1. List every residue pair whose Cβ atoms sit under 8 Å apart, with the two residues 6 or more apart in sequence or on different chains, where the first one lies in segment 58-69 and is assigned by TED's automatic domain parsing to the domain that holds residue 26 and at positive phi and the second, anywhere, is surrounded by fewer than 21 Cβ atoms within 10 Å (Cβ to Cβ) and small (Gly, Ala, Ser).
2. The conditions are (1) modelled with pLDDT of 95 or more; (2) loosely packed, with under 15 Cβ neighbours inside 10 Å, and residue 162 fails exactly one of them. Which is it?
3. Being modelled with pLDDT of 95 or more, outside any strand (DSSP E or B), out of contact with any helix residue (DSSP H, G or I) (no Cβ under 7 Å at 6 or more places or on another chain) and not acidic (Asp, Glu) is true for just one of 80, 84. Which residue is that?
4. Scan segment 199-226 residue by residue and report those that are out of contact with any Leu (no Cβ under 9 Å at 6 or more places or on another chain) and surrounded by 18 or more Cβ atoms within 10 Å (Cβ to Cβ).
5. Residue by residue through segment 263-308, note down the ones that are out of contact with any helix residue (DSSP H, G or I) (no Cβ under 8 Å at 6 or more places or on another chain) and of a type in the set (S, T, N, Q).
6. Among the residues of segment 12-30, write down those that are farther than 23 Å from residue 184 by Cα and touching a helix residue (DSSP H, G or I) at 6+ places or on another chain (Cβ under 6 Å).
7. Go through (1) surrounded by fewer than 20 Cβ atoms within 10 Å (Cβ to Cβ); (2) more than 18 Å from the chain's Cα centre (by Cα) and name the single condition residue 304 misses.
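The values are calculated or read from the model by the stated rules, or taken from the named source; none is laboratory data. Quantities reported herein were computed from a predicted structural model and do not represent experimental measurements. Glycine gets a Cβ as well: all are built from the backbone with ideal geometry, and neighbour counts include every protein chain shown.
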Amino acid sequence: EPGVDAGGLEREWFTLAAQELFDPEVGLFHVVGPLNALDINPGSGLLNDLDKEYFRFAGRLLAKALMEHQTLPARLAPYLYKHLIGAPMGLVDVEALDEQLHRSLEWLLANDGADALALSFSVTEDAPLGGSAGVSELVPGGERKDVTDENKAEFVDLRVRHRLCDSIAPQLWHLKYGFHEVIPPFMVSVFDASELELLMCGLPVLDVDDWKRHTEYGGEFEASGENHRVIGYFWAVLDVLSHAERFKLLQFATGTARVPARGFKSLQSNDGNYRKFNITSVRSRNNLYPRAHTCFNKIDLPLYKDKAQCEMYIRAVLSHPVTGFTMD
């Protein structure tokens, strides 16, 4: 990559590593539930012989990013953050993974007649890679133990534990082991799961008004700021970009596609200090592409003649992989 690392390339490295490692196509994680969050794939070992080593590396990557104040484009299922901090879990955590299972277990607890449902203390697992479905017993001899109104609470507890722990036990152990190799458990126990998710993933939405409020201007833009015509073009283009395109532009300019937990006022530079996003003017007849300095959260913007020209070159940048493209 054409750049000297003063912080921006480090942010980009974390982003690229997470995108590759947590990609569902790799088979370690898969997308689940109404939140489209990443959960551990129970069948990861069938897709990758080195899955345990990769889960350990994933844990180390998550922890190292947290230590370095780097946000990652990998939003895990909420219960996994609870595992990392050692928080208790229960039926409520199943809802973000499997709404149908959550509704069924809640109904079972709230209504009589469990004896008539022909349920046993066992779980039929999904068939991996087109193979045969398997059965996991929740207790020894579980296939022969019927669920009744008297023991249904025990069944629900065991079913929840199976979904959140037992069905992914080897992968989960390596993920947690790798994470706690870097950050001891007591150091993250001060957070709740939502706080940890926010610190590790940043804000889930990009607020353009917040971005604008915490932007500084240089060159010919410094005197008039937002009132300069080219700056007006830039923000007008952001208004028409899609949600995904805005995050891509943020990655182009800063090296990360995530907004810090406290918003744009918390963007950091290479030295670890807060540094606002900066747009500086450049005069160029031969190259009208924006140029990013990711170490300093800075973008050089040519003096476009109109909004259409500004939009054309910004979209041209976004049409390419934004890593290493007109970046320093």
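1. That search, which allows pairs on different chains as well, returns 69/272.
2. (2)
3. 80 is the lone residue from the list that is modelled with pLDDT of 95 or more, outside any strand (DSSP E or B), out of contact with any helix residue (DSSP H, G or I) (no Cβ under 7 Å at 6 or more places or on another chain) and not acidic (Asp, Glu).
4. 215, 217
5. Selection gives 266, 268, 273, 284, 286, 287.
6. Within segment 12-30, 27, 28, 30 qualify.
7. (1)
Conditions (1) within 17 Å of residue 197 (Cα to Cα); (2) at pLDDT below 90; (3) assigned to a helix (DSSP H, G or I); (4) of a type in the set (A, V, I, L, M, F, W, C), marked per residue:
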residue: 3; (1), (2), (3), (4): no, yes, no, no
residue: 6; (1), (2), (3), (4): no, yes, no, yes
residue: 11; (1), (2), (3), (4): no, yes, yes, no
residue: 17; (1), (2), (3), (4): no, no, yes, yes
residue: 20; (1), (2), (3), (4): no, no, yes, no
residue: 25; (1), (2), (3), (4): no, no, yes, no
residue: 38; (1), (2), (3), (4): yes, no, no, yes
residue: 45; (1), (2), (3), (4): no, yes, yes, no
residue: 53; (1), (2), (3), (4): no, no, yes, no
